[in-house]
1. Are there any pairs, at least 6 apart or on different chains, whose C-beta atoms fall under 6 Å, with the first in segment 8-27 and touching a residue at least 40 places away in the same chain (Cβ under 8 Å) and surrounded by 22 or more Cβ atoms within 10 Å (Cβ to Cβ) and the second assigned to a loop (DSSP other than H, G, I, E, B) and polar (S, T, N, Q), and if so, which?
2. Can you find, within segment 154-185, the residue that is modelled with the highest pLDDT among those that are in a loop (DSSP other than H, G, I, E, B) and buried (at least 18 other Cβ atoms within 10 Å of the Cβ)?
3. Could you tell me how many of the residues in segment 50-72 are surrounded by 13 or more Cβ atoms within 10 Å (Cβ to Cβ) and out of contact with any helix residue (DSSP H, G or I) (no Cβ under 9 Å at 6 or more places or on another chain)?
4. Could you tell me which of the residues Ala119, Ala155 is small (Gly, Ala, Ser) and touching a residue at least 60 places away in the same chain (Cβ under 8 Å)?
5. Test of understanding: among Arg212, Arg218, Arg190, Arg267, which residue is modelled with pLDDT of 95 or more, of a type in the set (Lys, Arg) and over 23 Å from Val148 (Cα atoms)?
6. Residues being buried (at least 24 other Cβ atoms within 10 Å of the Cβ) and more than 12 Å from the chain's Cα centre (by Cα): count how many of those fall in segment 81-108.
7. Taking the options Gly160, Gly125, name whichever one is assigned by TED's automatic domain parsing to the domain that holds Val195 and under 28 Å from Pro15 (Cβ atoms).
8. Could you check segment 203-291 for helices (runs of 4 or more DSSP H) lying wholly inside it with 3 or more residues that are among the charged types (D, E, K, R) and out of contact with any strand residue (DSSP E or B) (no Cβ under 8 Å at 6 or more places or on another chain)?
Amino acid sequence: MTARVLVQLDSDPHPSLFDSMVAIDAGVERLLTYGGIAAADVRGLVHGAMFTRGPEQLHHTAIFIGGSDVALGERLFDEVRQSFLGTMRVSVLLDANGANTTAAAAVLAASRHVRLEGARAAVVGGTGPVGRRAARLLAHQGADVTVVSRQADRAAEVCGEIRSKFASDSVAGEGDVRPSAMSDLDAVVRDARVVIAAGAAGARLVSEATWRRSPALRVLIDLNAVPPAGVEGIERLDRGTLRDPVVCYGAIGVGGTKMKIHRAAVRRLFERNDLVLDAEEVLSIAQSLDL
């Protein structure tokens with residue numbers, strides 16, 4: 001019987017033990033981990049993974065892109081795809097620093113309480129790896145998204161990247177994205193039905209006074225697990241906690257769902273040999289789960 005083999009490519013010197021443990025829990029039978037990977041290393045590793053098995057066996061091999069540097073992870077992901085040769089290919093998942101699975105878990109949580117199509121949403125700290133993916137996924141689901149950053153020009157850059165991706169991928173039905181500076185946070189939150197805080201660890205972004213003043217707000221999600229909370233008044237263990245009338249999620253409350261999505265995405269890799277799983281595909285997997 002052909003073993004399910006996952007090749008874990010990590011830009012960090014030591015491949016992530018967290019990602020390795022999740023892979024094992026997802027049912028991977030053989031895990032091959034490589035650390036310190038640069039773009040120039042990818043082609044040889046991908047070809048080594050592909051050419052030892054015939055086309056009918058390639059769905060038993062898959063590639064996972066990890067590492068704490070999400071930008072480098074994206075480059076490795078692109079290099080993996082460019083290394084395929086027609087039908088000689090394997091499925092690949094990008095989840096560097098957990099950005100795709102965390103963003104998908106946050107957007108899935110919001111969608112349980114608010115119809116995202118046409119809803120106003122704000123992603124505070126929206127220029128980081130998780131924030132920009134959360135904004136992209138919210139817009140993909142039809143929300144009108146404000147990307148909030150301390151640097152308005154960086155927020156504008158993220159909005160431009162999202163619009164460019166929608167145009168290049170011909171995504172239908174996406175919502176709008178617009179940038180905003182933190183100096184306008186009160187006004188942004190006041191009009192939002194969904195707010196996701198995705199800033200750096202230990203950075204307080206949203207005061208309780210700010211979100212309590214929002215008559216429209218229905219879902220509030222803080223993805224920061226390191227004190228102080230990114231959103232004042234949210235607990236890390238909150239998981240659909242009602243602080244009337246706002247439904248609240250903390251980092252650990254979202255984290256349980258993130259883990260289930262991560263395991264499901266790894267399992268999905270072995271169903272076919274031609275899957276390319278980025279943020280949108282990971283969210284689609286999340287939406288198919290009974291969570």
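The values are calculated or read from the model by the stated rules, or taken from the named source; none is laboratory data. Quick caveat, the model's predicted, so the values are computed rather than measured. Neighbour counts run over all protein chains shown; Cβ positions are idealised from the backbone, glycine included.
1. Short answer, once both residue conditions are applied: Asp10/Ser16.
2. Just the residues of segment 154-185 that are in a loop (DSSP other than H, G, I, E, B), to begin with: 170-176.
Of the ones still in play, those that are also buried (at least 18 other Cβ atoms within 10 Å of the Cβ) are 174-175.
Values: Glu174: 72, Gly175: 84.
Applying the filter and picking the extreme gives Gly175.
3. Let us first name the residues in segment 50-72 that are surrounded by 13 or more Cβ atoms within 10 Å (Cβ to Cβ), namely 50, 53, 58-70, 72.
Okay, now just the ones that are also out of contact with any helix residue (DSSP H, G or I) (no Cβ under 9 Å at 6 or more places or on another chain), so 59-60.
Of the residues in that region, 2 qualify.
4. Numbers: Ala155 fails: touching a residue at least 60 places away in the same chain (Cβ under 8 Å).
Just a single option satisfies the conditions, and that option is Ala119.
5. On the way: Arg212 fails: over 23 Å from Val148 (Cα atoms); Arg218 fails: over 23 Å from Val148 (Cα atoms); Arg190 fails: over 23 Å from Val148 (Cα atoms).
None of the others qualify; the one that does is Arg267.
6. 2
7. On the way: Gly160 fails: under 28 Å from Pro15 (Cβ atoms).
Selected residue: Gly125, the only one of Gly160, Gly125 that is assigned by TED's automatic domain parsing to the domain that holds Val195 and under 28 Å from Pro15 (Cβ atoms).
8. Details: elements: 208-212, 251-268, 279-288.
Because the criterion is at least 3 residues that are among the charged types (D, E, K, R) and out of contact with any strand residue (DSSP E or B) (no Cβ under 8 Å at 6 or more places or on another chain), the helices (runs of 4 or more DSSP H) in segment 203-291 that meet it are 251-268.
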